[in-house]
Amino acid sequence: MRHLAPNRRAVLLALGASGLALAARAQGPVPQVSDAPAAEPRDTARRVPFHGPHQAGITTPRPENGLVASFDVVATSLDDLERMLRLLTDRARFLTEGGPVPDLDPALPPADSGLLGPVIQPDNLTITVALGASLFENRPWLAGLKPARLQRMAQFPNDALDPDLCHGDLSIQFCANHPDSTIHALRDIVKTLSEFLVLRWMVEGDVPPVLADARGATPSARNFLGFRDGSANPDSNDAALMDRIVWTTGPHEPGWAQGGSYQAVRIIRNMVERWDRTPLVEQERIFGRTKMSGAPLDNPDATEHHVPDYAADPEGRAIPHDAHIRLANPRDAESQRHLMLRRPFNYSRGVLPNGQLDQGLLFICYQADLEAGFIAVQNRLNGEPLEEYVKPVGGGYFFALPGVRDKADYLGRALVDAARRT
Amino acid sequence: MISPFLRSTALGLALAGPALAADPSLDLVGPLSDYKIFVAENTAQLVSDAEAFTAAIKAGDLDKAKALFAPTRTSYERVEPIAELFSDLDVSIDARADDYEKAEQDPGFTGFHRIEYGLWSEGSTQGLEGHADRLLADIRELDSRITALTFPPEVVVGGAAVLMEEVAATKISGEEDRYSRTDLWDFDANFEGAEKIYTLFRPLIADGEADFVAKVDGNFQAVREVLAKYETPEGGFVSYEELTDSDRNILSAKVNTLAEDLATLRGKLGLG
Ligand code: HEM
């Protein structure tokens, strides 16, 4: 239930229905059912800088809405690929900055879908472009340039992969405050890049907003199993930490790929009906955290940010050895190598043929090394008790390109330049 | 010289309404009447092909009926851009099982695809006689209507883009000829039909829109190159199943880009 401030509640209680209408009229227009919900200018006008050493949408604080679309690329020459990347950059730059859409002759189809009206609000939109291993295959002019760890996602034991929801030559992650902004951006890209991009799959998700505390801080958002998700994520504001965990660097990667990041996307169905019939203690032991606060079970009265002390619990009494958090990160000396930055969204896609809700986690994580990060951690998680309640059905591995430095730069320029040299 | 107005009425062309807004310097009448001739030729061909096709069904000649199925359809698929001018017949000639609640078992399901279902999935001509009679009657009716049919320019010009939309929405996925897998025959005819319209009107804009025509020409050419890989020596096409993913992607990208570009053709010609 939403908690109304006491004075407002008192006013509402004191007024009858007609009194309410009167009071409202005195304050301003009474909204009609079909009036647009009032937007907050402080949300819609907010802009995430497009230019920088890294792409936005990775260490950027996650807004309410996210969408991942995966495409096959039609580019039979390096020139084609360059034209595609330049055009994609132009659109992403415009969409994330916002501004008026051009007016065309009304006898022509309009330049823009019009979803957001004549002036695009930036709405915290980020557009993050990443390449799949298949882009590099069968294109001899890109030979030798594939990022060292990039590979086609292979099946894990609990997976039931749907080929229509897997892989792709190129992924685009769109995130924004409002779903219309991500949809608008996707439609723009689909329209303006139809020559190059053929959509394979797309999943939309969101995370619930939470009221900020007195200091303006919010806890981690909850996923569709009702647990706080993100509590133990590394600090995305710690640039040195991000350099180590998220951004690719080093001589084992091609020069053009420095400053990018490996993106693992997993579409993981949650069996929510069954989960909701599972005793709370069992739910909590599966994750190793309390459901409401997110505190680790070794200190259930602490906050979600309390660091579990596995050394003090060698028998796994408080937090079982096969609890999700203990498997994912046993916090031993080795574990530092396997860290990743998770940035998931919850999805809900209607009903399955069996009458159950098709809900789950659009799991997205970023890491400097795909094998040490996602793949190693998923291998540790194989067989975890959570598997009874989740089923990965799709996704793919991609490499998020390094950032676009300025107006003259474009996404993937370093790759194209490197290909021209070879 | 007779006035364009007289010429158009004589041809049964409707240059009224939105067409009045057309750029008066553009002579739409020539391309429209050429297009009408193209349609008439195709429907006449369709009638004779359908006669042979339905005769084979009624004679119980399964192999012959199967062999004639795809080639018979091509003249229909070529004129599909203007199917909205005979939408009642389009439904009974070319509807698919998904258009009916009971799919293949639905008593309302008839036409080419009902026959295709019988020939391939049920492997027999039996029970198809009624559908064959109906198809031939519908096709004859279509052919007889063409002479009197008015061809609104915005429908003809718009038809090229509409057909690309159709291909993009329900054909590229291989839904059209799902029992016989002869989809590539249809693609080829659809592209030919759309390109015919584009080619007829192209001279009217070629000077002012050099980039546009270069791009559209290039995309039609790319489609032809992909389809050529799948042609058989007899002039037909191999099964849709042989289309590789990468070629399907190329066709898909081209068809969407053609749809995007051809959608501007009406506006470029000043048609509402
Ligand atoms: C539907 C599937 C999943 C659900 C519902 C889920 C949920 C959670 C929850 C509730 C937490 C505890 C809070 C937190 O630290 O964020 C957590 C932690 C974590 N999860 Fe998952 N997760 C899922 C899949 C995955 C996958 C596929 C991976 C990676 C392969 C993963 C890796 C992690 C990691 C690394 C942690 C932090 C552990 C720590 O550092 O203590 N999760 N997850």
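Data for the structure
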{"item": "Set A:ARG405, A:ARG326: member being under 25 Å from the mean Cα position of the chain (by Cα), of a type in the set (Lys, Arg) and within 9 Å of the ligand (Cβ to nearest atom)", "result": "A:ARG326"}
{"item": "Residue that is least open to solvent (accessible area, probe 1.4 Å), among those in the stretch A:205-221 that are charged (D, E, K, R) and over 15 Å from A:THR303 (Cα atoms)", "result": "A:ASP206"}
{"item": "Unique match (being in contact with a helix residue (DSSP H, G or I) (Cβ under 7 Å, 6 or more places away or on another chain) and within 14 Å of chain B (Cβ to nearest Cβ)) among A:LEU193, A:LEU225", "result": "A:LEU193"}
{"item": "Residue, nearest to B:LEU89 (Cα to Cα), within the stretch B:132-161, restricted to residues that are within 17 Å of the chain's Cα centre (by Cα) and among the β-branched types (Val, Ile, Thr)", "result": "B:ILE139"}
{"item": "Residue tally, condition within 28 Å of A:ASP164 (Cβ to Cβ), assigned to a strand (DSSP E or B) and touching a Pro at 6+ places or on another chain (Cβ under 8 Å), over the stretch A:373-422", "result": "1"}
{"item": "Residue tally, condition surrounded by fewer than 17 Cβ atoms within 10 Å (Cβ to Cβ) and within 13 Å of the ligand (Cβ to nearest atom), over the stretch A:356-371", "result": "1"}
{"item": "Meets criteria (open to solvent by 40 Å² or more (accessible area, probe 1.4 Å) and either under 17 Å from the mean Cα position of the chain (by Cα) or near the ligand (Cβ under 10 Å from one of its atoms) (or both)) for A:ARG343", "result": "no"}
{"item": "Test for A:PRO254: is it away from chain B (no Cβ under 14 Å), more than 21 Å from the chain's Cα centre (by Cα), more than 9 Å from the ligand (Cβ to nearest atom) and within 24 Å of A:GLY57 (Cβ to Cβ)", "result": "yes"}
{"item": "Residue identified as more than 16 Å from B:TYR230 (Cα to Cα), of a type in the set (Lys, Arg) and at pLDDT below 95 among B:LYS196, B:LYS171", "result": "B:LYS171"}
{"item": "In the stretch B:233-247, residue least open to solvent (accessible area, probe 1.4 Å) [restricted to those that are part of a helix (DSSP H, G or I) and within 14 Å of another protein chain (Cβ to nearest Cβ)]", "result": "B:ASP247"}
{"item": "Complete set of residues in the stretch B:248-265 that are open to solvent by 10 Å² or more (accessible area, probe 1.4 Å) and more than 7 Å from chain A (Cβ to nearest Cβ)", "result": "B:ARG248, B:LYS254, B:ASP261"}
{"item": "Some residue of the stretch A:348-355 being away from chain B (no Cβ under 14 Å), within 16 Å of the ligand (Cβ to nearest atom), of a type in the set (Ser, Thr, Tyr) and without any contact (Cβ under 8 Å) to a residue 60 or more places away in the chain", "result": "no"}
{"item": "Of residues in the stretch A:119-148 being in contact with a strand residue (DSSP E or B) (Cβ under 6 Å, 6 or more places away or on another chain) and open to solvent by 10 Å² or more (accessible area, probe 1.4 Å), the one nearest to A:ASP180 (Cα to Cα)", "result": "A:ASN124"}
{"item": "Looking only at the stretch B:182-208, and only at residues there that are open to solvent by 10 Å² or more (accessible area, probe 1.4 Å), out of contact with any Ser or Thr (no Cβ under 9 Å at 6 or more places or on another chain) and not hydrophobic (A, V, I, L, M, F, W, C), the one that is farthest from the other protein chains (Cβ to nearest Cβ)", "result": "B:LYS196"}
{"item": "Qualifying residue in the stretch A:175-189 (condition: of a type in the set (Asp, Glu), within 23 Å of A:PRO110 (Cα to Cα) and within 14 Å of another protein chain (Cβ to nearest Cβ))", "result": "yes"}
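Residue-by-condition table, conditions (1) open to solvent by less than 20 Å² (accessible area, probe 1.4 Å); (2) more than 10 Å from the ligand (Cβ to nearest atom); (3) within 24 Å of the chain's Cα centre (by Cα); (4) under 15 Å from A:PRO385 (Cβ atoms):
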site: A:GLY260; (1), (2), (3), (4): yes, yes, yes, no
site: A:ASP276; (1), (2), (3), (4): no, yes, no, no
site: A:ARG285; (1), (2), (3), (4): no, yes, no, yes
site: A:SER293; (1), (2), (3), (4): no, yes, yes, no
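The values are calculated or read from the model by the stated rules, or taken from the named source; none is laboratory data. Source: prediction; values computed, not measured. Note that each Cβ is placed from the backbone with ideal geometry, even for glycine, and that neighbours are counted across all protein chains shown. To get the accessible areas, we keep the full protein, side chains included, count just its heavy atoms, and leave off ligands, DNA and RNA. Shrake-Rupley method; radii C 1.70, N 1.55, O 1.52, S 1.80 Å.
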